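I have placed the structure first, in the form of structure tokens, so that the comments after it can refer back to it.
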Amino acid sequence: MSGLDWAVLGGCLAFVVLFGLWKGRGHKDSTGYLLADRDARWFTICLSIMATQASAITFLSTPGQAYVDGMRFVQFYLGLPLAMVVLSITAVPLFHRLKVFTAYQFLEERFDGKTRTLAAMLFLVQRGLAVGLTIYAPALVLSVLLGWNIHVNLVLVGSLVMIYTVTGGTRAVSWAQSWQMLIITCGMVGAGVMVVHRLPQGVSFGDALHVAGSLGRLNAIDFSFDLTNRYNLWSGLVGGFFLALSYFGTDQSQVQRYLSGSSVAQSRMGLLANGLFKVPMQFLILLVGAMVFVAYQFTAPPVFFNPGPVRRVLASEAAPEFRRAQEAYDAALAD
């Protein structure tokens with residue numbers, strides 16, 4: 001990495017953490033710490049919700065979906081806008097009227113403490129497993145780019161997140177995630193532009209779309225009723241609707257975002273904006289994967305994408321065996 005790369009990486013990390021800490025300073029009670037004094041605007045709610053979903057896993061795995069299977073995965077999100085409408089009508093005014101801190105507090109008021117405890121425990125287990133993967137993904141990227149030990153990266157990434165989360169509370173998390181979402185969007189657009197720019201001379205973006213379509217990588221909508229088909233319009237509308245309804249209506253990582261809204265209207269607008277922007281965002285991420293697929297129709301992919309382990313293997317006793325594998329791989333591509 002060049003000095004400019006280091007400056008951008010370090011600057012972005014420092015800015016997100018310090019800005020989150022600055023915005024989260026001065027909370028005086030549990031309402032300020034857990035719900036940001038209930039004064040969040042709709043755009044902060046929307047960006048925070050989107051950033052909570054759009055982890056590094058999204059930008060590592062979703063392009064891979066398009067690379068391997070085309071853009072059918074976007075149908076998975078078609079039920080989400082409908083779920084946002086239902087939640088805006090039902091859950092948002094209910095939670096605001098009851099002035100609860102968590103979705104599980106409502107369960108205690110409606111049923112009993114045992115129900116609340118069980119639901120909260122299940123959420124913590126689920127979220128703990130998910131956070132492990134969410135932290136592992138950026139740590140893996142840093143390991144590839146910098147050649148650092150993956151365990152060091154895990155500690156580094158986890159520590160940065162804990163600093164502004166624990167000290168700044170919900171306000172710090174929401175503002176930090178808003179900037180993260182903007183950085184993620186810029187990175188996504190930049191990655192797409194870079195892939196198109198690196199296509200061979202004479203291959204335009206339109207040509208790349210034609211190649212991707214001819215090879216089945218732009219097959220976004222499938223109207224078939226085939227029950228063996230993982231992604232189609234009907235599974236996206238029905239399955240995606242109920243999945244989004246449960247996730248955004250009961251998962252505290254999402255509910256907390258719109259509980260911090262300054263009013264029912266602001267929380268509703270944040271949810272509806274999320275439903276409006278989420279599908280196009282996923283479409284663009286998948287399109288990047290389709291363009292990467294096209295790029296590798298003109299350029300041979302490496303035998304192993306992580307350069308760090310390759311350098312270590314070439315410096316070890318296994319270097320001759322690796323070179324033989326490389327030669328066999330190159331010969332197979334030539335055929």
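The numbers here are math on the coordinates, done by the rules we state, and not lab data. All values derive from a computational prediction rather than experimental measurement. Positions of Cβ are backbone-derived with ideal geometry, glycine not excepted, and every protein chain shown enters the neighbour counts.
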- Task: Choose one answer from L122, L140, L60: the residue with the largest mean-square fluctuation in a GNM of the chain with alpha-carbon springs under 10 Å.
- Result: L122
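Sum -39500 (n - 2.57) across every DSSP H segment of at least 4 residues in the chain, then divide by the residue count to get the 222 nm mean residue ellipticity, nearest 500.
Values: 15 runs with 256 residues, N = 335.
Dividing the helical sum by the residues of the chain leaves -25500 deg cm²/dmol.
For L94 and M162 in the same chain, what is the full-extension length gain: residue separation times 0.36 nm, less their Cα-Cα distance, in nm? Please list the in-between numbers first.
Numbers: separation 68, 0.36 × 68 = 24.48 nm, distance 3.09 nm.
Here the segment from L94 to M162 would lengthen by 21.4 nm.
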- Choose one answer from T58, T167, T228: the residue with the largest mean-square fluctuation in a GNM of the chain with alpha-carbon springs under 10 Å. T228
- What does the charge count near R217 come to, summing +1 for each Lys or Arg and -1 for each Asp or Glu among other residues with Cβ under 11 Å from its Cβ? 0
- Query: Given the Cα-Cα distance of L284 and L60 and 0.36 nm per residue of separation, how much length would full extension add, in nm?
  - Reply: 79.3 nm
- Item | Dipole moment magnitude, nearest 20 debye, segment 137-293 about Cα centre, only Lys, Arg, Asp, Glu C-beta charged | 280
- Query: Between segment 269-333 and segment 50-116, what's the alpha-carbon centroid distance in Å?
  - Reply: 30
- Item | At least 24 Å along the helix axis (C-alpha) and Kyte average at least 0.0, DSSP helices within the chain | 3-23, 113-146, 150-197, 233-250, 264-298
- Task: Determine the principal axes of the Cα atoms in the chain, then give the extent along each, sorted from largest to smallest and rounded to whole angstroms.
- Result: 68, 48, 37
- Task: Mind checking which of I89, G128, V100 is farthest towards the positive end of the chain's charge dipole, using Cβ charges of +1 (Lys, Arg) and -1 (Asp, Glu) about the Cα centre?
- Result: V100
- Task: Treat each spin label as a single point 7 Å out from the Cα along the C-beta direction, and report the N306 to F242 distance in nm.
- Result: 3.8
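Translational diffusion coefficient of segment 141-282 at 10 °C, 1.306 mPa s, Stokes-Einstein with Kirkwood Rh over Cα pairs, in µm²/s as a whole number.
Working: Rh = 19.4 Å.
My calculation gives 82 µm²/s for D.
Treating the beta-carbon of each Lys and Arg as +1 and of each Asp and Glu as -1, no other charges, what is the dipole magnitude of the chain about its Cα centre, to the nearest 20 debye? Could the numbers behind the result be given before it?
Working: 23 positive and 17 negative charges, 209 e Å.
The dipole magnitude comes to about 1000 debye.
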- Query: Which FRET efficiency value, to the nearest 0.05, is calculated for L333 and V85 with the Förster distance at 51 angstrom and r the Cβ-Cβ distance?
  - Reply: 0.55
- Item | Choice from D69, D251, D207 showing the highest fluctuation, given a GNM over the chain with Cα pairs closer than 10 Å | D207
